[in-house]
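Please read the structure below before turning to the comments.
The values are calculated or read from the model by the stated rules, or taken from the named source; none is laboratory data. Computed from a predicted model, the values in this text were never measured in an experiment. Reconstructed Cβ throughout: ideal geometry from the backbone, glycine too, with neighbour counts over all protein chains shown.
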Amino acid sequence: MGIFSRLLPSREERLTKEIIAKVRQEQQPISDLGAAIASAAMRCGEAMKPHVHFGSEEKNTEQAIYVCFEFLYFFMHMTDRIAYSQLGSDRRSKLMEALDPLIVGPAIDAFFDHWPEDRKAGMRSEFRRKLNIAQREYSACRGLVSDVNPVTGDSLFSTLARHVAELCGKSLTDPTAHVVPYGIAIEAWKQLQLDKHIEAVGKVL
């Protein structure tokens, strides 16, 4: 083998590099979308922490985690809705399947990384179960917001606000308790810009 053959990359090496670059290019918009969803949910959860009131600090911490998860369920549902509209059924399914490991595992690890693997596996299964329940419930909602009853209506954001308020220990019959999570969710929604993320995904999926 000549010296130039040793210096120049082989066809196999070039092909491998091209494949890796292509995979990274295709996966980046989905990774960016997953990171945006997780970041938005965690910011919302952090903003709600002062409003979680139970009898002990341990219970407050536990419920604050579930509040973060509820925002994750909500933003995942909204991603599902928009993806179906923009990408169609098949590509929507591919996107949601690709997002699953980007959301579920890191969400559990963020709070339970110190747990043994078997317990974390159980939490991942429970997360997916509750995500499916949330998907069905949010699917029954009418519109993003309600013009008649913005906070207490049956819209997506109203339903989310009620769920979060309940997880924080608030009364479901007290509409004032829903105002804070409602406002936090609306602000996060504006910043998230799911439409643009999913449009970018559609170019590579």
Criterion first (within 30 Å of Gln28 (Cβ to Cβ) and either of a type in the set (Ser, Thr, Tyr) or not in a helix (DSSP H, G or I) (or both)) does Tyr182 satisfy it?
no
Could you list all residues from segment 36-59 that are in contact (Cβ under 8 Å) with a residue 24 or more places away in the chain and in a helix (DSSP H, G or I)?
Ala36, Ile37, Ala38, Ala40, Ala41, Met42, Arg43, Cys44, Gly45, Ala47, Met48, His51
With respect to Glu187, determine if the residue is closer than 14 Å to Val67 by Cα and without any contact (Cβ under 8 Å) to a residue 60 or more places away in the chain.
no
Test: Ala134 is touching a residue at least 24 places away in the same chain (Cβ under 8 Å), small (Gly, Ala, Ser), in a helix (DSSP H, G or I) and buried (at least 20 other Cβ atoms within 10 Å of the Cβ):
yes
Segment 76-103 residues that are in contact (Cβ under 8 Å) with a residue 60 or more places away in the chain and over 15 Å from Phe127 (Cα atoms), paired with ones that are basic (Lys, Arg) and in a helix (DSSP H, G or I) (beta carbon under 8 Å, 6 or more apart)
Ala83/Arg91; Ala83/Arg92
Mind listing whichever residues of segment 139-159 are out of contact with any helix residue (DSSP H, G or I) (no Cβ under 7 Å at 6 or more places or on another chain), among the aliphatic types (A, V, I, L, M) and within 22 Å of Thr79 (Cα to Cα)?
Ala140
Glu62 - would you say it is within 20 Å of Ala41 (Cα to Cα), free of Cβ contacts under 8 Å to residues at least 12 places away in the same chain and within 18 Å of the chain's Cα centre (by Cα)?
no
In segment 144-153, which residues are closer than 23 Å to Thr173 by Cβ and surrounded by 12 or more Cβ atoms within 10 Å (Cβ to Cβ)?
Val145, Ser146, Asn149, Pro150, Val151, Thr152, Gly153
Taking segment 39-61 and keeping residues charged (D, E, K, R) and surrounded by 14 or more Cβ atoms within 10 Å (Cβ to Cβ) leaves Arg43, Lys49
State whether the residues of segment 88-98 include one that is charged (D, E, K, R) and outside any helix (DSSP H, G or I).
no
When you scan segment 71-84, do you find a residue that is buried (at least 18 other Cβ atoms within 10 Å of the Cβ), closer than 13 Å to Cys168 by Cβ and either modelled with pLDDT of 95 or more or of a type in the set (Lys, Arg) (or both), even just one?
yes
